[in-house]
Amino acid sequence: MTKNREKTNRRNFLAAAPATLTAVAIASAQDRSASDIGPENKLMKDASPNVFQPPPTDHGEAPGFWNSFSVAHRRIQDGGWSRQVTVEEFPISKDIAGVNMRLTAGGIRELHWHAAAEWALMLSGKARITAIDNDGRTFVQDVGPDDLWFFPTGTPHSIQGLAPDGAEFVLVFDDGKFSEGNTTLLSDWTRHTPPEVLAKNWGVKETALEPVYHVPPNGRYIFQAPVPGPLEQDQHAASGPAGLSPVAFHFAMSKMAPTKRSKSGEVRVVDARNFPASAGIAAAHVIVKPGGLRELHWHQNADEWQYYIQGKGRMTVFFNGSKARTADFNAGDVGYVPRTLGHYVENTGDTDLIFLEMFKSDRFQELSLSEWVTHTPPELITQHVGIGKDVLDAIPKGRPEIVPA
Ligand code: MN
Ligand code: MN
């Protein structure tokens with residue numbers, strides 16, 4: 001009852017207001033009600049205009065779906081730093097955790113593995129990545145801007161910044177509880193194995209292993225080293241008689257044509273169909289030009305974790321039960337949309353808006369509102385939302401992804 005009355009009152013207000021009040025009177029009443037005379041974190045407020053002054057369509061209580069690497073603790077060590085947004089800081093982010101990392105030229109994220117799968121996008125600079133595949137064969141590659149990599153669970157790997165200025169990248173893990181503080185480090189494991197066991201294991205003298213026990217008690221994690229030599233030299237020195245791995249753990253998204261392109265932007269979809277190694281994480285790299293909108297849509301199969309690379313945008317997530325909430329996103333921010341919830345992302349700035357949509361799945365999957373209403377009997381749509389056939393006919397039918405198409 002109460003809910004119905006609220007709905008009716010709201011509709012009545014919206015319909016009746018222009019007839020009973022002048023535009024000036026409405027504006028001044030709104031100004032008075034929305035005035036803000038208390039303390040304010042001005043930088044946060046200015047970065048979030050749609051939070052401070054929500055669109056009138058926002059309604060009800062919704063879980064937080066905004067976070068930012070820019071407010072995350074940086075673990076700084078000689079050779080670089082890391083920061084993370086996991087379910088600890090971002091409770092809605094159950095399926096995915098994100099890490100942002102910088103390595104200097106020569107700086108090493110030490111040899112390690114973990115229980116989560118790791119997907120990465122190189123943001124800036126160059127790095128050398130190493131791994132071994134499930135048959136123990138060597139993988140060594142150099143990656144640059146807009147290149148990706150994927151390491152499955154338990155696959156040991158390393159990352160090292162190259163000349164001239166190392167690298168910065170974002171890492172995406174298929175578990176919100178993942179933490180960089182809980183990975184199996186080479187130096188940490190060996191340091192905590194009895195020396196006589198390690199000597200027996202490798203068939204070497206115990207005295208030769210003394211340096212292993214001089215490693216810091218928590219392992220090295222990130223540390224400075226000289227810039228490595230040529231790639232071919234490292235590949236040759238590492239591979240031995242088994243040769244290099246046939247598995248491509250890296251993917252040159254920089255050389256990929258857009259999956260969808262319109263006059264307002266482009267989308268590149270990378271999942272197990274075109275990047276077979278990436279069996280458990282799917283991605284869409286999205287560019288929305290000024291004035292453009294990543295159309296109203298939803299994903300049938302997985303939660304969406306977003307990372308904002310450039311520009312300004314806003315997203316409204318519709319949480320069902322008349323709950324809708326809008327948040328603003330800037331470079332370095334993280335967003336999250338639970339699976340199947342409807343949402344859009346609009347460019348609110350004057351430069352290209354670039355962001356990642358990440359999914360814990362081997363397939364990128366989506367449907368759009370336009371697609372739905374244009375592939376359903378038209379009378380049915382008219383009966384629901386009242387729009388006529390001429391309006392329906394104007395709606396895009398081919399899911400352009402970024403509109404105006
Ligand atoms: Mn890793
Ligand atoms: Mn989406």
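The values are calculated or read from the model by the stated rules, or taken from the named source; none is laboratory data. All values reported here derive from a predicted model rather than from experimental measurement. Glycine gets a Cβ as well: all are built from the backbone with ideal geometry, and neighbour counts include every protein chain shown. Note: areas computed on protein heavy atoms with side chains; ligands, DNA, RNA excluded. Shrake-Rupley method; radii C 1.70, N 1.55, O 1.52, S 1.80 Å.
Key figures for this structure:
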read-out	value
By average C-beta atoms within 10 angstrom, highest first, the peptides 47-55, 96-104	96-104, 47-55
Hz values of 3J(HN,Hα) by residue in the range 381-389 - Karplus curve (6.51, -1.76, 1.60), Gly and Pro given as x	5, 4, 4, 7, 10, x, 6, x, 4
Computed Kirkwood radius, in angstrom, where 1/r is averaged over Cα pairs of the chain	24.0 Å
For residue 304, distant residues with modelled amide H under 5 Å away	337, 339
Amide proton proximity set for residue 309, modelled H, under 5 Å, gap of 5+	332, 354, 355, 356
For residue 342, residues with placed amide H under 5 Å, excluding near neighbours	318
Neighbour net charge for residue 250 - beta-carbon separation under 14 angstrom, K R +1, D E -1	-2
Hz values of 3J(HN,Hα) by residue in the range 272-286 - Karplus curve (6.51, -1.76, 1.60), Gly and Pro given as x	4, 6, 10, 10, x, 4, 7, 6, x, 9, 10, 9, 10, 9, 10
Surface share of carbon and sulfur [accessible, 1.4 angstrom probe, percent] for the range 291-405	58 percent
Cα pair distances exceeding 16 angstrom across the range 262-365, given as percent	56 percent
Mean Cβ neighbour count within 10 Å, used as a protection proxy, ranking 107-119, 222-234 highest first	107-119, 222-234
Helix 23-34 vs. the chain, principal-axis angle (Cα, 0 to 90°, nearest 10)	40 degrees
Relative contact order %, the chain, counting alpha carbon pairs below 8 Å whose residues are six or more apart	17 percent
Per-residue HN-Hα couplings for the range 317-329 [Karplus 6.51, -1.76, 1.60; θ = phi - 60°; Hz; x = Gly/Pro]	9, 9, 8, 6, x, 6, 9, 9, 9, 10, 9, 9, 10
Simple label model, 7 Å out from Cα along Cβ direction - residue 71 to residue 196, nm	5.5 nm
Cα pair count fraction exceeding 16 Å, expressed as % - the range 154-193	55 percent
Ratio Rg/Rh, restricted to the range 119-235 and using Cα atoms, in which Rh is the Kirkwood radius	0.99
Dipole axis of the chain (+1 Lys, Arg; -1 Asp, Glu on Cβ), positive-most option in 231, 52, 190	52
